[in-house]
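As structure tokens, the structure follows; a few thoughts come after it.
Coordinate-derived values only; no laboratory data. Predicted model only: the values in this text are computed from it and were never measured. For neighbour counting, all protein chains shown are included, and Cβ atoms are generated from backbone atoms with ideal geometry for every residue, glycine included.
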Amino acid sequence: MSRAALATIHLGALRRNLARVRERVGAAKVMAVVKADGYGHGLERVARALSNADAFGVASLGDGLRLRAAGIGKRIVVLSGPDEAADLSEFRRLQLDAVIHHESQLAWLESDRDPRNLRVWLKMDTGMHRLGFAPDDARAVHARLRALPNVDSDIALMTHFAASDEFDNDLTARQIAAFDAATRDLQGARSLANSAGVLGWPQAKNDWVRVGGLLYGLSVIEGKSGTDLGFEPAMTLSTKLIAVNRVARGERVGYAATFECPQDMTTGVAAIGYGDGYPRSAPSGTPVLVDGKRAALAGRVSMDLVTIDLRNAPDARIGDTVTLWGSHLPIEEIAARAGTISYDLTCGMTKRVLFVEDEG
Ligand SMILES: *Cc1c(COP(=O)(O)O)cnc(C)c1O
């Protein structure tokens with residue numbers, strides 16, 4: 001094998017994480033969010049593993065097309081809806097649900113004479129100020145959608161939380177109240193909660209939850225890993241040690257010579273770098289596992305390689321497995337060191353990484 005960087009996707013973990021979400025949400029339906037290529041785990045692969053979900057949520061029409069081409073017949077919701085009027089015929093042909101969040105989309109629908117049925121979700125902006133209609137407009141927009149003969153009269157109602165990962169931030173409570181007030185006498189299923197909403201805001205569970213991160217075993221709760229929350233990581237990122245070296249005290253390691261050896265010591269070099277999607281911002285001290293033992297990066301991450309301080313792994317040998325994240329090394333720990341979130345890391349795997357599936 002020319003490159004050793006390997007992302008192992010644990011299909012069993014995906015399935016068990018879905019079951020764990022279901023335990024928490026009772027009768028609510030679960031939309032498995034698989035945008036950004038299934039948070040970097042592989043769109044079709046994740047959709048097949050999560051065939052038990054009630055629907056899939058994707059970011060774009062293109063992802064809906066990919067899922068249909070893969071033979072996925074389940075309900076698929078395109079979370080930002082059509083980008084232009086011409087998209088509508090594709091939505092109808094592929095039977096994709098369209099989130100309608102903007103007046104421009106409503107205008108395209110109102111001039112669309114295509115007789116094929118289209119299912120829509122009406123999105124309200126209750127405080128995130130990204131996508132959605134103002135709550136004051138909800139009734140009027142709902143009525144305009146109901147008046148369209150080629151739009152399914154069963155219109156779902158949704159909003160998205162801006163800060164549900166902060167369990168003491170009352171913005172979420174205010175968003176829930178604004179949504180309830182705006183939709184009080186409108187018919188249709190309700191959908192508010194994302195992963196953090198499922199964990200922290202039980203009053204927001206009806207009727208659909210839209211869950212991404214938890215299915216992949218990823219956490220966005222500050223200071224907590226997916227494992228801490230009772231979920232299993234669905235990705236292990238690993239590679240091999242390709243060199244073991246002795247470096248003298250006072251010598252410096254890597255680009256810009258940022259790591260100075262505090263003593264005569266052994267270092268290792270592993271075949272992975274930012275060219276594979278491992279974050280260049282991960283500093284010296286970021287943990288890795290060498291043959292299961294915790295060690296730490298020494299010096300800068302380069303494009304193809306990282307250097308490892310092997311003082312804690314004196315038996316390390318060329319060919320040993322180096323784990324960058326996975327079940328014994330929470331990705332959240334790496335993300336915190338690199339100044340980002342776990343989602344950003346799994347989404348960032350490049351084409352050079354070899355993906356393999358594991359049923360476990
Ligand atoms: C991404 C997304 C979700 C899922 O968020 P998680 O934090 O991964 O659970 C839910 N709803 C919308 C609209 C999204 O864009």
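Dipole orientation for the chain: of the candidates THR323, SER225, ALA27, THR323 has the Cα lying most toward the positive pole (charges on Cβ; Lys, Arg +1; Asp, Glu -1). Remark: spin-label model distance ARG294-LYS351 equals 3.8 nm, labels positioned 7 Å along the Cα→Cβ axis. Per residue, the convex hull spanned by the alpha carbons of the chain comes to 142 Å³. Remark on VAL306: its backbone amide H falls under 5 Å from those of ALA270, ILE272, a criterion applied only to residues 5 or more positions apart or on other chains, H modelled at 1.01 Å from N. Dipole of the chain computed with +1 at Lys/Arg Cβ and -1 at Asp/Glu Cβ about the Cα centre; of LEU6, GLY38, SER302, farthest Cα towards the positive end is LEU6. Please list, in order, the residues from region 104-124 whose amide nitrogen is less than 14 Å from a point placed 7 Å along the Cα→Cβ vector of ASP136. Under 14 Å, as judged by backbone N against the label point of ASP136, lies no residue of region 104-124. Sorting the Cα pairs of region 11-216 by distance into bins of 5 Å, from 0 upward, gives 1, 8, 17, 19, 20, 17, 11, 5, 1, 0 percent per bin. Applying 0.36 nm per residue to the separation of ASP358 and ARG24 and subtracting their alpha-carbon distance, the gain on full extension is 117.6 nm. Take 186-194, 142-150 and order them by the average number of nearby Cβ atoms within 10 Å per residue, most first; the result is 186-194, 142-150.
Only Lys, Arg, Asp and Glu carry charge here, each on its Cβ (+1 for the first two, -1 for the last two); on that basis region 69-148 has a dipole of about 440 debye about its Cα centre. Taken about its Cα centre, the chain carries a charge dipole of about 660 debye when Lys and Arg each add +1 at the Cβ and Asp and Glu each add -1 at the Cβ. Across region 235-358, the convex hull enclosing all Cα atoms gives 95 Å³ per residue. What the Cβ-Cβ distance of LEU65 and ALA143 gives, at R0 = 30 Å and to the nearest 0.05, is a FRET efficiency of 0.45. Evaluating kT/(6 pi eta Rh) at 10 °C and 1.306 mPa s, with the Kirkwood radius of region 122-243 over Cα pairs in the Stokes-Einstein relation, gives 99 µm² s⁻¹. Distance distribution note for region 95-178: the fraction of Cα pairs above 17 angstrom is 48%.
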